[in-house]
Amino acid sequence: MPPTDPQLFAPFANGLLLCLGLIAVIGVQNSYVLRQGLKREHHWLVAGVCTLSDFALILLGTTGLGAFIARVAWLEAGFYLFGAAFLAVYTYRALRDAWHGDQSIGLATDGPRQTAGKVVLATLGFTWLNPHAWLDTTVLVGAFSAQYAGASHWAFTAGAMSASWIWFFGLSLLAARLSPWLTRPAVWRVINAVIGLVMAYVGLRFLMAGVAGLRQLLG
């Protein structure tokens, strides 16, 4: 909820708009949220896990961890390399599903479904092993929060948290609403192919950034 004090509304709005701009980009986490929403497979659970994880990352950033990560080069490089390895696995899975083309909303609903535990673990991986989640949400939001103090600082933090809640639950709701129209396996081949290519691109960027960071440290 927005603050009632007019003086706190500006930092709240700044935090809201900044975080929306950072997370409203089609990346690996949003691709997974969208996919689970289209399948209607534990999609509210996925939205909740993403939101709570973002809350934690934002708090870590606004309480000082973001500035620490930005100063430790080997830690930043490590985030990129772990993220690249994690994405390689899910890129393979998405492209494999696109190649076989045996998925659809109906098949995903009527056939075997992933357990809630597996979905939670995958969601946590796409968030906590995702360098962009750390570098964007924690480092950038943390850096911007440094210009505020006292109540304004926490109003900014609350605005950033509100953006996460609005985005992830809104994306899940929109995807679930669209799912009845996506019943053909051919449509899912395209969805999986796009998701796989996005993951492959981001993973390659992570790998290149991680290698560059290691060369800088060793050189």
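So the values come out like this:
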item: Of all residues in segment 89-105 being of a type in the set (A, V, I, L, M, F, W, C) and buried (at least 16 other Cβ atoms within 10 Å of the Cβ), the one that is modelled with the highest pLDDT; result: 95
item: Members of segment 16-28 that are open to solvent by 20 Å² or more (accessible area, probe 1.4 Å) and part of a helix (DSSP H, G or I); result: 16, 17, 18, 20, 21, 22
item: Residue count for segment 1-13, restricted to those that are part of a helix (DSSP H, G or I), open to solvent by 50 Å² or more (accessible area, probe 1.4 Å) and either touching a Phe, Trp or Tyr at 6+ places or on another chain (Cβ under 6 Å) or at pLDDT below 80 (or both); result: 2
item: Out of 68, 82, sole residue that is under 19 Å from the mean Cα position of the chain (by Cα), part of a helix (DSSP H, G or I) and at pLDDT below 80; result: 82
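Results for (1) modelled with pLDDT under 80; (2) among the acidic types (Asp, Glu); (3) touching a Phe, Trp or Tyr at 6+ places or on another chain (Cβ under 9 Å), shown as yes or no for each residue.
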position	(1), (2), (3)
150	no, no, no
164	no, no, yes
171	no, no, no
186	yes, no, no
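The values are calculated or read from the model by the stated rules, or taken from the named source; none is laboratory data. These numbers were taken from a predicted model, which means no experiment stands behind them. Using ideal geometry, Cβ is built from the backbone for each residue, glycine included, and neighbour counts are taken over all protein chains shown. For the accessible areas, the whole protein counts, side chains as well, though only heavy atoms, and no ligand, DNA or RNA atoms are used. Shrake-Rupley method; radii C 1.70, N 1.55, O 1.52, S 1.80 Å.
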